[in-house]
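I have placed the structure first, in the form of structure tokens, so that the comments after it can refer back to it.
The values are calculated or read from the model by the stated rules, or taken from the named source; none is laboratory data. Predicted, not measured: the structure shown is a model, and the values here were computed from it. Cβ: placed from backbone, ideal geometry, glycine included. Neighbour counts: every protein chain shown.
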Amino acid sequence: MTTATVVFLVIGGAGLAILAFALLGGEIANFGHFGADGLVPVEAVAGFLGALGFAGAITAELLSARTPSMILIAVAVALVAAFAAAWLALRFSRAARDMRTDATPTRQNLVGTIGVVVTRVPAGSGYGEVRVRLGGQPVKLYARADQALPAGTPIFVVEAPTDTSVVVEATPHTGKV
């Protein structure tokens, strides 16, 4: 293994270390303070260094780079790969960050959902508990009803006075809830 290969491998390892640190929640200060991502985002730096190091090491070994001209060729190949990797890392990270998502469910979305009583709901002013599905996820809520509802009763949400409580009515059993 040539000295050039070892140097390139150390550079590639530094790129991997930066990427691992960033992925594990360590926020390395972005290089510069231009825009929300900084002048140069961490993922672009990690992609650049990783590709520079590993592409350079591969090229240096394939060319048996022992002369300055062969090392220069390895550096040129490594720089092309490094800029391409940095650009791709930047594009992919921005695409993931700016991806559109569904709106966060609100209590208005609870009205009209069906569910089941999990803790008996007393008649009138007392609270029991119900489980409904909201956005495909089970949600457990406090519930009131005009008439007493035993556990296991299928229900329909008619009102959501707060984010954690609903007014329900019993429904005929319609299958899985």
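Key figures
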{"item": "Qualifying residue in segment 103-122 (condition: in a helix (DSSP H, G or I), within 26 Å of the chain's Cα centre (by Cα), surrounded by 11 or more Cβ atoms within 10 Å (Cβ to Cβ) and not charged (D, E, K, R))", "result": "yes"}
{"item": "Hey, THR162 exposed (fewer than 12 other Cβ atoms within 10 Å of the Cβ), of a type outside the set (Gly, Ala, Ser) and in contact with a helix residue (DSSP H, G or I) (Cβ under 8 Å, 6 or more places away or on another chain) or not", "result": "yes"}
{"item": "Some residue of segment 127-148 being in contact with a Lys or Arg (Cβ under 9 Å, 6 or more places away or on another chain) and of a type in the set (Ser, Thr, Tyr)", "result": "yes"}
{"item": "Residue match in segment 153-163 (condition: of a type in the set (Asp, Glu), under 26 Å from the mean Cα position of the chain (by Cα) and under 30 Å from PHE54 (Cα atoms))", "result": "no"}
{"item": "Members of segment 43-85 that are of a type in the set (Ser, Thr, Tyr), part of a helix (DSSP H, G or I) and either touching a Cys at 6+ places or on another chain (Cβ under 8 Å) or surrounded by fewer than 21 Cβ atoms within 10 Å (Cβ to Cβ) (or both)", "result": "SER69"}
{"item": "Unmet criterion (only one of (1) at pLDDT below 90; (2) among the hydroxyl-bearing types (Ser, Thr, Tyr); (3) within 36 Å of the chain's Cα centre (by Cα); (4) not assigned by TED's automatic domain parsing to the domain that holds GLU43) for SER93", "result": "(4)"}
{"item": "Complete set of residues in segment 123-148 that are farther than 14 Å from THR164 by Cα, among the hydrophobic types (A, V, I, L, M, F, W, C) and in a strand (DSSP E or B)", "result": "ALA123, ALA145"}
{"item": "Filtered residues of segment 136-155 (kept if within 24 Å of ASP102 (Cβ to Cβ), surrounded by fewer than 16 Cβ atoms within 10 Å (Cβ to Cβ) and either modelled with pLDDT of 90 or more or not small (Gly, Ala, Ser) (or both))", "result": "GLN137, PRO138, LYS140"}
{"item": "Residue in segment 22-29 that is modelled with pLDDT of 90 or more and of a type in the set (A, V, I, L, M) present", "result": "no"}
{"item": "Test: residue in segment 86-101 that is in a strand (DSSP E or B) and of a type in the set (Val, Ile, Thr)", "result": "no"}
